[in-house]
Amino acid sequence: MVIKNSISVKKTEKLPELCVPARNLNILKYAVAYGANAVYIGGGKYNLRTFGDNFTIGELQQGVEFAHSHNVKIYLTLNAIISENEIEDLRDYIGRIKELEFDAFIISDPAAMHLLKQIIPEARIHISTQTSTSNSIAVDYWTSQGASRINLAREVTYSDLCNIIAHKNPATTEIEVFVHGALCISYSGRCMLSKYMSGRDANKGQCSHSCRWQYFLMEEKRQNMFFPIDQDKRGTYIYNSRDLCLLPKLDLLIAAGVDSLKIEGRMKTESYVSLTTWIYRKALQYIEEGKFTGQKISYLMKELDKATHRNFTQGFMFLGNNSTGELTENDNVGYIRNYRFAGVYEGYGKKYNGPVMRVKNQFKVGETLDVLQPNENPKKFMIKRILLASTEEEIEVANPNDLVIIYDIGEVNQYSIFRIKA
């Protein structure tokens, strides 16, 4: 049984916080520009995306200042599992960042909470989905330990979510749920497969995404004779999860009383973060205005398809016990790339009345440029002429890392994202 949107959303003065990822300082600025209420980031250590760009301590300071200057909150992730031999180093790291005015720290290991409370007594603590918090007693436990927000396990159903929120203390405890992004084939991220397959520990921020590799059977005595598990020339993606997308159910989450809606993606590009933030901000606006209709949802889902993603699922929250095929039947699940990320804004070429763009992926004269800007609907422009910014030489094809001017499309926002239909 699939739960339908049957709950009416009351007009509310306060919508849930929209919490958005950023892997570096540049993307943090895009997240803020496109409507994030809060941004979560990682330093160089003890977060679950240590292979990302992450922030130096100096960049953490810049990020805090930029976010706060735009009335946006900023959270630091310290949500790795802590080994015994890392305790003193973690203590030292917290000591080095204690003067930075983060609005909260995201943790999963009680050791991180303990050290934070020792070194930064006033620190607000958010509990990561990594702890697999799945019931109201667990929520009460973390609150009793000093946590102010709990990000629930992705395995929580909508019915359980409503009950958890009904039982928690609204004055002391906030509930956060992931609404968009990658799903783990394990209990909310506590995965050992990556370490077993590649030696990279997902619980230390080194996930190699082994669950998305392609697998075959091999008969023991016939080495290198591979057989697909199903009759499919591409093989079978045994653990091949879809991407979570709760956009069509956002009104139900608000009706339940969720305090924060979180987007996954601290390894993603400016294009992905900007678009998903824009989409969910637009959805919240429609809900606030009483315009969150099937037509509006369809429009937003079509726009969401412009970001590279895997086939979507509503995950466990809105699937009944007998409707999990969407999560297990994954033969045709793969990346969907309807648009390619063409480039980012670098300035304005007044002489040619067009933006200066840093090219990310190849495009050429005659193609249609799709431009996303903060607080505006996407616009389309036919590319008539492309010029190299350094020499003003006219070219037919723009290649990655070129700095080019797009002729005669006018001024656009400095946080514009340029895309080309694939």
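Bear in mind these aren't lab numbers, they're just calculated from the coordinates by the rules spelled out. Treat the numbers as computed from the prediction; the structure is a model and nothing was measured. Quick reminder, even Gly has a Cβ in these numbers, built from the backbone with ideal geometry, and neighbours come from all protein chains shown.
Annotations for the structure displayed:
- Annotation: amide H of Ile106 within the under-5 Å range of Leu76, Thr77, Leu78, His126, sequence separation 5 or more or interchain, hydrogens built in the peptide plane.
- For Val412, neighbours were defined as the other residues whose beta-carbon sits under 11 Å from its Cβ, and their charges (Lys and Arg +1, Asp and Glu -1) total -1.
- For the range 394-407, backbone phi angles converted through the Karplus equation (6.51, -1.76, 1.60; θ = phi - 60°) give residue-by-residue couplings of 7, 10, 8, 10, 9, 10, x, 6, 4, 10, 10, 10, 9, 5 Hz, Gly and Pro being listed as x.
- Taking amide H as placed 1.01 Å from N in the peptide plane, the amide H of Ser416 sits under 5 Å from that of Tyr345, each at least 5 places away or on another chain.
- Karplus-based coupling profile of the range 270-279, in residue order and whole Hz: 4, 4, 5, 5, 5, 5, 5, 5, 4, 4, with θ = phi - 60° in 6.51 cos²θ - 1.76 cosθ + 1.60 and x standing for Gly or Pro.
- Average Cα contact separation per residue, the range 339-421, under 8 Å, 6 or more apart, as relative contact order %: 43 percent
- Mean Cβ neighbour count within 10 Å, used as a protection proxy, ranking 121-127, 346-352, 357-363 highest first: 357-363, 121-127, 346-352
- Whole-number D in µm² s⁻¹ for the range 84-149, Kirkwood Cα-pair radius fed into Stokes-Einstein, 20 °C, 1.002 mPa s: 173 µm²/s
- For Arg385, nonlocal amide neighbours, meaning residues 5 or more places apart or on other chains whose placed amide H falls under 5 Å from its own, are Tyr407.
- Each residue of the range 285-295 was assigned a 3J(HN,Hα) from its phi angle through the Karplus expression (A = 6.51, B = -1.76, C = 1.60, θ = phi - 60°), giving 5, 4, 5, 4, 8, x, 10, 7, 9, x, 5 Hz with x at Gly and Pro.
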